[in-house]
Amino acid sequence: MSFRRLAASFGIEFKHTFRRPLFFFLAVILILSAWGLSSGKMSISSGDSSVGGTKAWITSEFAQTQMMTFIILLYYAFFIAKAAGLMLLRDHETQVDVLLHSTPLTPREYVWGRFLAVTGGFVVLMLFQVAVNAFFNHVVPNPSAQDIRGPFLLRSYLVPVLTIGLPFLVFFTGLSMVLGERTRNALMVFVLPVATLLVCGFFLWTWSPSWLDLRVNKLFQVIDPAGYRWLNETLLKVDRGVDYYNKHAVPYDALFWLNRAWLLILGIAGVLLTERE
C-alpha cells in the first residue's frame, strides 16, 4: 500500500466532506441542540430526567455520556450512512471508479482513503460539538439554568466522544460502506439508520421487564450500538445520589468494553469486505 496514493484518496474525499450541505445542516442542528440543552428548555432523556428528585448537572460526564448515546443515533447515524453509504455509489454513477482502474491506485488504497476521510470529517464534527456544548454551558450567561450547570471539566465532554462516539462512527461508517457497495441501492443505505433507531428506541433501550434473565439483559447491553442500555441498566436505574452523578466519572466495566470492541471489529470488517468488491 502506497501512503502517497492513500493520502491522495483521503484528501479528495475529506475536502468533499466539508462541502456537503448536509454536513453543515448537522452542524446547525448541533448548535441549536447545545443552546436548547444549556438553557434547560430542551431535554434528551428516557423516562424521568431527574436523579433522586433533583436535576443533575448537564455538564457532568454522566449527563454528557447519556446525551451522546442518544445523539449518536438521533443525529449522526443518518448523516454517516449518507456520507459513507452513498460515497462509492456516487463514484460508480459518475464512472470515477472506472477511471481509477487506469491509475496505480489499488482498491485497498481507494476504499481505506475514503473510509478515513469520512471518519475524519465526523471526528471534526464531534470536536465541534464538544466546543459548542462547552460554549453554551459555560460561557453564555443564563441565570435560569444555574442549577443544572457545574464547573467546566474538559474530560466530561471529551470522554463521551471517545467512548461512545468514535466506536459508533467506525462501526456505522464501515457498515454503511459495505451495504452501499453490496446492494448498490441508495434506499437500503437510508433504511439502515432508520431500522437501527427503531430497534434501539422501541426494544433495546426500553424493553426490560422484571422477569428478564440477567444473562439476556447483559446480552442486550452488549449488542446495543449506542451504549445506552449498558449505561441505564448498570448505572442509572439504581439511584446513587445526585452528588455521585455530578462529580464522578463514568465507571466503565468489561461489559461496556466488549460492546465497544465488537463495534470496532465489525466496522473494520465492513471496510475489508468493501475493498474486496
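Just to be sure I follow the rule: in region 3-276, considering lysines 8 or more places apart or on different chains, how many pairs have Cα atoms under 25 Å apart? Please report the intermediate quantities before stating the final value.
Working: 15/82; 41/55; 41/237; 41/247; 55/237; 55/247; 218/237; 237/247.
Lysine pairs, 8 or more places apart or on different chains, close enough: 8.
When you count, for each residue, the other Cβ atoms within 10 Å and take the mean per peptide, how do 162-168, 236-242, 175-181 rank with the highest first? Show your work: numbers first, answer last.
On the way: 162-168: 21.7, 236-242: 12.6, 175-181: 25.0.
The peptides rank, most packed first, as 175-181, 162-168, 236-242.
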Tell me which residues come under 5 Å, amide H to amide H, from residue 59 once H is placed; ignore anything under 5 positions away on its chain. 150
Helix 61-71: angle to the longest alpha-carbon principal axis of the chain, degrees 0 to 90, nearest 10? 50
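Please state, rounded to one decimal and in Å, the Kirkwood hydrodynamic radius that region 3-276 gives when every pair of distinct Cα atoms enters the mean of 1/r.
Details: mean 1/r = 0.0506 Å⁻¹.
The Cα-based Kirkwood calculation yields 19.8 Å.
Please get the size of the charge dipole for region 3-276, origin at its Cα centre, with Cβ charges of +1 on Lys and Arg and -1 on Asp and Glu, quoted in debye to the nearest 20.
Details: 23 positive and 16 negative charges, 82 e Å.
Using Cβ point charges on Lys, Arg, Asp and Glu, region 3-276 gives about 400 debye.
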Taking 8 Å as the Cα distance limit and 6 or more residues as the minimum spacing, I'd like the relative contact order of the chain as a percentage. 32
Cut-off is 10 Å between beta-carbons; in what order do 247, 218 appear when sorted fewest neighbours first? 247, 218
Hull volume in cubic angstrom per residue (convex hull over the Cα atoms of region 127-173): 81
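A short reminder: the numbers here are calculations on the coordinates, not readings from a lab. Only a predicted model underlies this, so the values are computations on that prediction, with no experimental measurement involved. Positions of Cβ are backbone-derived with ideal geometry, glycine not excepted, and every protein chain shown enters the neighbour counts.
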